[in-house]
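Here's the structure, in structure tokens; my notes come after.
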Amino acid sequence: MKSLRAFIKAMVDSLRDLAPIVLVIGFFQLAVLQQPIPNLLDILIGAFFVVIGLTLFVRGLEMGLFPIGESMAYAFARKGSLSWLLAFAFALGFGTTVAEPALIAVADEAAHVAVEAGLIEADEEHREAYALGLRYTVAFSVGIAILVGVLRIVRGWPIQYLIIGGYIGVIIMTGFAPEEIIGIAYDSGGVTTSTITVPLVTALGVGLASSIKGRNPMIDGFGLIAFASLTPMMFVMGYGMVISR
């Protein structure tokens, strides 16, 4: 009974979160364009599935991903092995990013655009190799980012200096990277922070900061996602420089 009430509450929250989107679309479709909504029944059925999917996703995070991320952070902190903690941080960043649906979609689209731009050969093998290379490059960069972010929490380094230095590096690399890869690189920084990566990485950071004496979960526990957004830009631009040569 308690689980049912929690599920209903999560569904109500999902409806509330989706309400602004529905209102915006309805307003512009009916008031501005003054046209009836096409395929209304299909849209309503799709919206229902979205609500159910979002509700299950949120409940899954609360029941599974957040607890396991925090518990593993506590376990590694108690173990006291920095090398294993850093290895876990890298593997978590790499594994969650390489499976990101948004990254897969962007990499596939980038491969098609690379063919049109003449950067790679126009066959399936080269497109798949380009997309896979892009995915692994981004995943490797996120692994490095989470590793550095975890090391920052352990050592107590100020986050602002690392972020500012990283974006200075992005700006410098933008001046040397091929034009065709710059937009893809900037988008790669955004697609890494999606449905799979964010929950686990956030739970890792908060759990680790909570388990280390002298660390504040609010100040030190957050910020890993910023690293995960930053490093793919640099690595993808580097990937573009290598491919172009």
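The values are calculated or read from the model by the stated rules, or taken from the named source; none is laboratory data. Nothing here was measured: the structure is a model prediction, and the numbers come from that model. Heads up, the Cβs are rebuilt from the backbone with ideal geometry, glycines too, and the neighbour counts pull from every protein chain shown. With ligands, DNA and RNA removed, areas are computed over all heavy atoms of the protein, side chains included. Shrake-Rupley method; radii C 1.70, N 1.55, O 1.52, S 1.80 Å.
Points to keep in mind about this one:
- 3J(HN,Hα) from dihedral phi, region 28-38, Karplus parametrisation 6.51/-1.76/1.60, rounded to Hz, x for glycine, proline: 6, 6, 8, 8, 8, 6, 6, 10, x, 6, x
- For region 143-245, the solvent-accessible area of protein heavy atoms averages 46 Å² per residue (probe radius 1.4 Å; ligands and nucleic acids excluded).
- Kyte-Doolittle at least 1.0, axis length at least 15 Å by Cα - qualifying DSSP helices, the chain: 2-27, 40-60, 82-98, 101-116, 159-174, 197-211, 224-244
- P(r) histogram, all alpha-carbon pairs of region 122-243 included - 5 Å bins from 0, percent: 2, 12, 20, 20, 17, 12, 8, 5, 2, 1, 0, 0
- Here the spin labels are modelled as points 7 Å beyond Cα on the Cα-Cβ line, and at Leu30 and Glu62 they lie 3.1 nm apart.
- Rg over Rh [alpha-carbon atoms, Kirkwood Rh] for region 185-245: 1.15
- Candidates Leu119, Leu208, Leu30, ranked by Gaussian network fluctuation over the chain, Cα under 10 Å, top entry: Leu30
- Projected onto its three principal axes, the C-alpha set of region 3-93 covers 64, 30, 18 Å, listed from the longest axis down.
- The string of couplings for region 117-122 from the Karplus curve (6.51, -1.76, 1.60, θ = phi - 60°) is 7, x, 7, 9, 5, 8 Hz, one whole number per residue in order, with x for Gly and Pro.
- Accessible-area composition of the chain, carbon plus sulfur, in percent [1.4 Å probe]: 69
- Heavy atoms of Ser3 accessible to a 1.4 Å probe, total area in Å² rounded to 10: 90
- Computed accessible area, Met173, all protein chains, 1.4 angstrom probe, square angstrom: 40
- In terms of overall dimensions, the chain has a Cα radius of gyration and Dmax of 21.1, 64 angstrom.
- Qualifying chymotrypsin sites (Phe, Trp or Tyr not before Pro) in region 137-217, DSSP loop, other Cβ atoms within 10 Å at most 11: Phe176
- Considering only Phe49, Phe227, Phe90, the Gaussian network model of the chain with Cα springs below 10 Å gives its largest mean-square fluctuation to Phe49.
- Using the rule -39500 (n - 2.57) for each DSSP H run of four or more residues, divided by the residues of the chain, the 222 nm mean residue ellipticity is -27000 deg cm²/dmol.
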